1. Determine, for each peptide in 172-178, 6-12, the mean count of other beta carbons within 10 angstrom over its residues, then list the peptides with the highest first.
2. Assuming a ≥ b ≥ c are the square roots of the Cα gyration tensor eigenvalues, decide whether region 71-123 counts as rounded (a/c under 1.5), prolate (otherwise, with a/b larger than b/c) or oblate.
3. Using a cut-off of 11 Å between beta-carbons, work out the net charge of the residues near residue 171 (Lys and Arg +1, Asp and Glu -1, residue 171 not included).
4. Which whole-number percent is the relative contact order of the chain (Cα, under 8 Å, 6+ apart)?
5. Report the per residue volume, in Å³, of the convex hull enclosing the C-alpha atoms of region 1-141.
6. What net charge is computed for the residues neighbouring residue 151, neighbours being all others with C-beta under 11 Å from the C-beta of residue 151, Lys and Arg scored +1, Asp and Glu -1?
7. Is region 58-188 best put as rounded, prolate or oblate by its Cα gyration tensor, with a ≥ b ≥ c the root eigenvalues, rounded for a/c under 1.5, and otherwise prolate when a/b is larger than b/c, oblate when not?
8. For residue 141, what residues show an amide H to amide H distance below 5 Å, using hydrogens built from the backbone and excluding near sequence neighbours?
Amino acid sequence: MQKIMFKGLAKDESTLKDLKVTKGAKIMVVGSTLNDVLSVTKPSPQELQETAKATAAAKEPLSQQKEHKRVLDKHGKPDDVPVGIKNVKEPLPHMPLSGMYNKSGGKVRLTFKLEVDQIWLGTKERTEKIPMNSIKAVVSEAIKDHEEYHILGLQLGPTEASRYWIYWVPAQYVDAIKDTVLGKWQYF
């Protein structure tokens, strides 16, 4: 009922020698008493269901959130965005995906450089070469009343505030983008 922290959480089977603890090193030991452990109760199925309902009700769709709705309303659907197809999954195209917007309304082009494990985010001003392993998460959601397109967020840092938002991503490529970025290889 104790955990040792030394340069991170130590595995249960690790010894102090395995962790290379030296004289004078600082170690944190976190523990619970038997009474504390026994007093924890499992939530009832009804409590779990109520929590799930409350969470679902509180979650407003991305396309209805103020910051995203403003971009979608101000710039509308781009004329040159590829045709979106809902309920279809396609592999990444061999050419860059273009015609989409970023949060400031600038055109965005996504190029997947698999040979160097990078995504190139191209705008009119510059092209940013981002290593895929530096992207912490990829989130997406269909745009309300335009389900054949998604809002896609690439999380470039440790928090949600570091997400780079891309609007009007064709729905058929969303799963392939997630799989490619997060490490599930696509075989073409």
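1. Listed from highest to lowest mean packing, they are 172-178, 6-12.
2. Oblate shape, in that a/c is at least 1.5 and b/c is the bigger or equal ratio.
3. Result for the neighbourhood of residue 171: -3.
4. Worked out over the chain, it gives 17 percent.
5. 273
6. Its environment carries a net charge of +2.
7. Since a/c stays below 1.5, the shape of region 58-188 is classed as rounded.
8. Residues meeting the amide H criterion: 151.
The values are calculated or read from the model by the stated rules, or taken from the named source; none is laboratory data. Remember, it's a predicted structure, so these values are computed and weren't measured experimentally. Cβ atoms come from the backbone with ideal geometry, glycine included; neighbour counts cover every protein chain shown. SASA here: full protein model, heavy atoms, side chains in, ligands and nucleic acids out. Shrake-Rupley method; radii C 1.70, N 1.55, O 1.52, S 1.80 Å.
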